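Asker: Take a look at the following structure, please.
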Amino acid sequence: MFGSIFNPENHFWQMLDHLADLLILSLLWLFFSLPVVTMGAAATALYDAVARCVRGREPMPLRRFWQTFRRELPCAALVTLVWGALLLLLANAVVMIGAAAAAGNAAAPFVLFFCLVLLILPVGAACWMFPLLSRFTFRPVDLMLTSLRLALGRLPRTLGLVLILAVSIFLIRLLLFPVILLPGIAAWLFAALLEPVFHQYQDSLQNPTEETVD
């Protein structure tokens, strides 16, 4: 009985090991995201380490995180600046429309709802963007265009990704402390939605990590 309890292959200990990995990887994501411009590279590294090492049971998730972060930093930083600026502009427009709605503009609530629906596509594309970069080699423009196509073409999965992101942001804004674990959990949930899609592309490539996907 005691042998089975303390067996490292026991599901309980494996779950604790996975939670510890998610905690450490989440803290690494938080630390490497602090310069803001590196947030995309940190998200790429977090997804890669969680998908391959926590879900896929490959060894050394911390080394995987660092290697992916360093390799994808140039592309991810540029995409973060461009796409982040676009999302910021769209968010500011939504805030202004929301203020007009609060001031009593009759048409503003309908315009606000329409803008919020339109935000799903660019936010959803951002959810595809950095996991894609962890699997395939892209030029920055190709990465953004491919993410948009996938976000639109795989709309149910995109809605799932946006929902995971929205709930994570809400919980962090509400309680703050989940930020030490939720990024890793969100990456784990992202992988559940994205890995089946990525496997379809990887099966058609002999060496997907070194091919450019347009």
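Asker: Stokes-Einstein at 4 °C, 1.567 mPa s, Kirkwood radius from Cα pairs: D for region 122-210 in µm² s⁻¹?
Answerer: Calculated translational D: 94 µm²/s.
Asker: When only the heavy atoms of the protein chains count and the probe is 1.4 Å, how do Val179, Val197, Val117 rank by accessible area, highest first? Could the numbers behind the result be given before it?
Answerer: Values: Val179 25, Val197 0, Val117 70 Å².
The residues order as Val117, Val179, Val197, largest area first.
Asker: Along Cα→Cβ, 7 Å out, is where each label goes; now give me the distance between the ones at Asp17 and Leu152 in nm to one decimal.
Answerer: 4.5 nm
Asker: Next up: Whole-Hz Karplus ³J(HN,Hα) for region 178-192, in order, using 6.51 cos²θ - 1.76 cosθ + 1.60 and θ = phi - 60°, x for Gly and Pro?
Answerer: x, 4, 7, 9, 4, x, x, 5, 4, 4, 4, 5, 4, 4, 4
Asker: Efficiency by 1/(1 + (r/R0)^6): what FRET value for Ala93 and Gln67, r their Cβ-Cβ distance, R0 = 45 Å, to the nearest 0.05? Walk me through the numbers on the way to the answer.
Answerer: Details: r = 38 Å, r/R0 = 0.85.
According to the calculation, E is roughly 0.70.
Asker: How big is the accessible area of Leu175 in square angstrom, nearest 10, if you roll a 1.4 angstrom probe over the protein chains?
Answerer: In the full protein context, Leu175 sits at about 90 Å².
Asker: Then there is this: Among His199, His18, what's the order by accessible area (1.4 angstrom probe), most exposed first? Kindly include the intermediate steps, with their values, before the conclusion.
Answerer: Details: His199 85, His18 45 Å².
So, going from the largest accessible area down, we get His199, His18.
Asker: Find the Rg to Rh ratio for region 14-107, where Rh is the Kirkwood radius over alpha-carbon pairs and Rg uses the same atoms.
Answerer: On the way: Rg = 18.2 Å, Rh = 15.1 Å.
Here the Rg-to-Rh quotient is 1.21.
The values are calculated or read from the model by the stated rules, or taken from the named source; none is laboratory data. As the structure is a computational prediction, the values presented were derived from the model and not from experiment. Positions of Cβ are backbone-derived with ideal geometry, glycine not excepted, and every protein chain shown enters the neighbour counts. Quick note on the areas: whole protein, heavy atoms, side chains included, nothing else; ligands and nucleic acids left out. Shrake-Rupley method; radii C 1.70, N 1.55, O 1.52, S 1.80 Å.
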